[in-house]
Amino acid sequence: MTVHIGLLRCDEVGGDRAERFGGYLDLYANLLGVVDPGINITDYDVVAGQLPSDPTEQDGWLISGARTSAYDDEPWLADLLELVVRLYEASAPTVGICFGHQVLAQALGGRVESADSGWGIGVHQAEVVGDHPWMTPDRGHFSIVYSHRDQVTALPDHATLVASTDHCPIAAFTVNDHILGIQGHPEFSPEFAAAVYEGRTEMYRAEAFKEAMRTLEHGTDSTDVAAWILRFLKAAYLLAA
């Protein structure tokens, strides 16, 4: 089955990166399209107030990254947090990426804070905690790109830890069978990540930037993570149907 996904887009690709790599809709379509070429994604510009009127408007939902913090005081963010609660209560299949991961935790009673260690950048290996039927192909660890300053520091009630990295103890989690948060960016290719880091060098410690750029040479497991995302959304959709 093809899942019709609503992309709750909370930001847009900046600078000349949009011309080189496309916008967030393109990044997610390219990521998931490798696994399912017939994937259907509908864009919702959350910052502009474009929100679904009903949790069942799409088969599943994907919340994008953003430069905003999940605890900021923004009217559009308050609306998004309320929407997450509605999606949760409706058992709507939902996946959050980076900021989206943090928003899921913030909305459902967890805690998000600025990390004492500063920015987490580069490709990091996450260790999988427990067994998860939607994780096919099955792996004990996976590597994807990271680009974040905030972290989820406390899980919501009824949440299950899915993965952890050395720099980010809560790198992925689920709530029940229909909410999945992933801190890293499976939609970022190493080339895109390099462009992001090079445009923000003033934000990073010089040694951290150098190490992050080095890790991009190793590649990622983004295709496997894309397969997991689609399997999770499909399984959650069938449970809710």
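Where a number appears in this text, it was derived from the coordinates with a stated rule and is not lab data. Values in this document were obtained by computation on a predicted structure and should not be read as measured data. Please note: Cβ atoms are built from the backbone with ideal geometry, for glycine as well, and neighbour counts cover all protein chains shown.
One table, with the values for the structure above:
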quantity	calculated
Centre separation in Å (Cα based) which lies between the stretch 57-74 and the stretch 27-56	12
Selection from Phe188, Gln125, Gly110 lying farthest towards where the dipole of the chain points positive, charges on Cβ	Gln125
Considering only the chain, percent of DSSP beta bridges that pair antiparallel, nearest 5	60
Of (i) 0.93; (ii) 0.97; (iii) 1.03, the label for Rg/Rh (Cα atoms, Kirkwood Rh) derived from the coordinates	(i)
Over the stretch 4-240, relative contact order from alpha-carbon pairs under 8 Å, at least 6 apart, %	21
Part-to-part distance (alpha-carbon centres) for the stretch 129-166 and the stretch 191-241, which is given in Å	13
The stretch 155-241, relative contact order in percent, only Cα pairs under 8 angstrom and at least six apart counted	22
Loop-resident sites, the stretch 8-73, for chymotrypsin sites (Phe, Trp or Tyr not before Pro), counting at most 15 other Cβ within 10 Å (DSSP)	Tyr71
